[in-house]
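J.: Got a structure for you, written out below as structure tokens; questions coming shortly.
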Amino acid sequence: MTSFYSPGFIFGRLPALGADPDTITISGLSGGSTGAAQFSTAYSDTYAGVGLWIGSSFGENTMLDEDEVDPVTSAASNVQLAWDMYADGDIDDPGNISGWPVYIFSGTEDETVVPSRQKGQKNFYETLGANVDFHEEPVDHGGFYCDEDEPYCGENLVERMMTHLLSNLG
């Protein structure tokens, strides 16, 4: 049974719409970022990159990650989990992530998804061979508002993410 929301259902229709299924990326913010990390890793045959904004990494079991983690240990554990799940036939080959463009935004003042979680995400994707653009700013979880005198205020971060994702696709 094919779900309406399954990658096969959606991506099987893209060529008829003129879309190249080899250049599809997924992005999300907060809980959507956590979902994008999970979904893109689980279906790595389907995607060509991912953009993540202040969310949890693949393998994290909560969206409210208030506890600090060691980014290296966290990434190593999550990479091993991905390989184990692949060996069990539960997800696509994590090796597909090698060469992907990955954009990660982290708020250094975030107390909901603490910055060490995003650094763990960065290490996760780098370990798998992705081309990671990791961007930090001194904002909290909802901190996409800025005063004009802040150095990052004038930069269009969505444009930066899309440029990184799209300019690095085959």
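The values are calculated or read from the model by the stated rules, or taken from the named source; none is laboratory data. Just so it is clear, the structure is predicted and the values come from calculations on it, not from any experiment. Here the Cβ is made from the backbone with ideal geometry for all residues, glycine too, and neighbour counts use every protein chain on show. What goes into the accessible areas is simple: the full protein's heavy atoms, side chains included, and nothing from ligands, DNA or RNA. Shrake-Rupley method; radii C 1.70, N 1.55, O 1.52, S 1.80 Å.
J.: What is the dipole size for the stretch 12-109, taken about its Cα centre, with +1 at each Lys and Arg Cβ and -1 at each Asp and Glu Cβ, in debye to the nearest 20? Working shown, then result.
T.: On the way: 1 positive and 15 negative charges, 93 e Å.
The calculation lands at about 440 debye.
J.: Excluding ligands and nucleic acids, what accessible area in Å² is computed for E159 using a 1.4 Å probe, to the nearest 10?
T.: 110
J.: Report the full-extension gain for the segment D45 to A87: residue separation times 0.36 nm, less the Cα-Cα distance, to one decimal in nm.
T.: Numbers: separation 42, 0.36 × 42 = 15.12 nm, distance 1.51 nm.
Stretched fully, the D45-A87 segment lengthens by 13.6 nm.
J.: Shifting gears a bit: Rounded to the nearest 10 Å², what accessible area does V72 show when all protein chains are kept and the probe is 1.4 Å?
T.: Answer for V72: close to 100 Å² accessible.
J.: Another question, if that's okay. In nanometres, what is the gap between the two model label sites at T23 and Q80, each 7 Å from Cα along Cα-to-Cβ?
T.: 4.0
J.: Could you state how much accessible area D22 has, in square angstrom rounded to the nearest 10, with a 1.4 Å probe and all protein chains kept in place?
T.: Accessible area of D22: about 120 Å².
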